[in-house]
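Remarks on the structure that follows.
The values are calculated or read from the model by the stated rules, or taken from the named source; none is laboratory data. What you see is a predicted model, and the numbers here were worked out from it, not measured in a lab. Cβ sites come from the backbone with ideal geometry, for glycine too, and all protein chains shown count toward neighbours. These accessible areas exclude ligands, DNA and RNA; they are computed on the full protein's heavy atoms, side chains included. Shrake-Rupley method; radii C 1.70, N 1.55, O 1.52, S 1.80 Å.
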Amino acid sequence: QKEVEQNSGPLSVPEGAIASLNCTYSDRGSQSFFWYRQYSGKSPELIMSIYSNGDKEDGRFTAQLNKASQYVSLLIRDSQPSDSATYLCAVLGGYNKLIFGAGTRLAVHP
Amino acid sequence: DGGITQSPKYLFRKEGQNVTLSCEQNLNHDAMYWYRQDPGQGLRLIYYSQIVNDFQKGDIAEGYSVSREKKESFPLTVTSAQKNPTAFYLCASSATGTALTGELFFGEGSRLTVL
């Protein structure tokens, strides 16, 4: 079992819809969770961090964390073509190691 | 503007050659990292350094070496011992030096191809 799992996609959504990206992790002791966005051929950039169970909203982005079920998700409301990218889930686990998932490719079509 | 500069952006290497990838940051960050990214895989940690003159192996350190002689600089050497060096290499930094965090700032990456 991979430590951080994501569906590779592509996840295709129409412009204006809600995109839902999911991530599960195996280390129950993990405390910090992050979403990075990576455009094709570019480097990742941090877009959301979440540390407590529940929802955290930042503009059109909402991160959701459920530690009991060991999953974290990212919702993108009013999706735009410029949101088309690969979204990497990262989990800070034991020994302060940051483990990345393989990423989910999102395609927003007009 | 503060940021992380990686060079070269593209590099071609013949088998058996060592190459060094440069990483310089002017963010005054204590911690620096090197990751490798392969298609369909997540970022994998090669080496990291929390303070000057100290660094630790990550998950895939074999065939790589680093140095941290200055706070701003963390070069990565890909040696001929690395069996499959073709990949996208990412340098990152973070503000804290006492504990690794998930809030990383990345350079633009170096794409290495072995011919």
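Computed about its Cα centre, the charge dipole of the protein assembly as shown is approximately 480 debye, with only Lys, Arg, Asp and Glu carrying charge at their Cβ. In the context of the full set of protein chains, region B:26-115 has a per residue accessible area of 44 Å² (1.4 Å probe). Given R0 = 22 Å, the distance between the Cβ atoms of A:GLU3 and B:GLU62 translates into a calculated FRET efficiency of 0.65.
Can you tell me the dipole magnitude for chain A around its Cα centre, using point charges on the Cβ only (Lys, Arg +1; Asp, Glu -1), in Debye to the nearest 20? If you can, show how the numbers build up before the last one.
On the way: 10 positive and 10 negative charges, 47 e Å.
Here the size comes out at about 220 debye.
For region B:40-94, the set of GluC sites (Glu not before Pro) satisfying both a DSSP loop assignment and a count of at most 13 other C-beta atoms within 10 Å is given as B:GLU62, B:GLU69. Looking at region A:60-110, none of the trypsin sites (Lys or Arg not before Pro) sits in a DSSP loop with at most 12 other Cβ atoms within 10 Å of its own Cβ. Protein heavy-atom surface of region B:29-113, 1.4 angstrom probe: 48% of the accessible area is carbon and sulfur, with nucleic acids and ligands not counted. Between A:ALA63, A:ALA17, A:ALA85, the GNM of chain A built on Cα springs shorter than 10 angstrom shows A:ALA17 fluctuating the most.
log10 I(q)/I(0), Debye, Cα-only the protein assembly as shown, no solvent, q = 0.08, 0.17 Å⁻¹? Summing over Cα pairs of the protein assembly as shown leads to -0.29, -1.22.
Rounded to the nearest 100, the interface formed by chains B and A buries 1400 square angstrom of accessible surface, both chains summed, with a 1.4 Å probe. Across peptide B:32-41, the mean count of Cβ atoms from other chains lying within 10 Å of each residue's own Cβ comes to 2. Surface calculation, 1.4 Å probe, protein heavy atoms: B:ARG111 sits at approximately 90 Å² accessible. Placing B:ASP38, A:ASP55, B:ASP59 in order of accessible area, with the largest value first and a 1.4 Å probe, yields A:ASP55, B:ASP59, B:ASP38.
Of A:LYS97/B:LYS70; A:LYS67/B:LYS71; A:LYS56/B:LYS71; A:LYS56/A:LYS97; A:LYS56/B:LYS9; A:LYS2/B:LYS70, which pairs sit farther than 31 Å apart, going by alpha carbon to alpha carbon? From A:LYS97/B:LYS70; A:LYS67/B:LYS71; A:LYS56/B:LYS71; A:LYS56/A:LYS97; A:LYS56/B:LYS9; A:LYS2/B:LYS70, over 31 Å: A:LYS67/B:LYS71; A:LYS56/B:LYS71; A:LYS56/B:LYS9; A:LYS2/B:LYS70. Normalised by the number of residues in chain A, the average gap of Cα pairs under 8 Å and 6 or more apart makes the relative contact order 38 percent.
Only Cα pairs under 8 Å and 6+ residues apart enter the sum, and on that basis the relative contact order of chain B stands at 35 percent.
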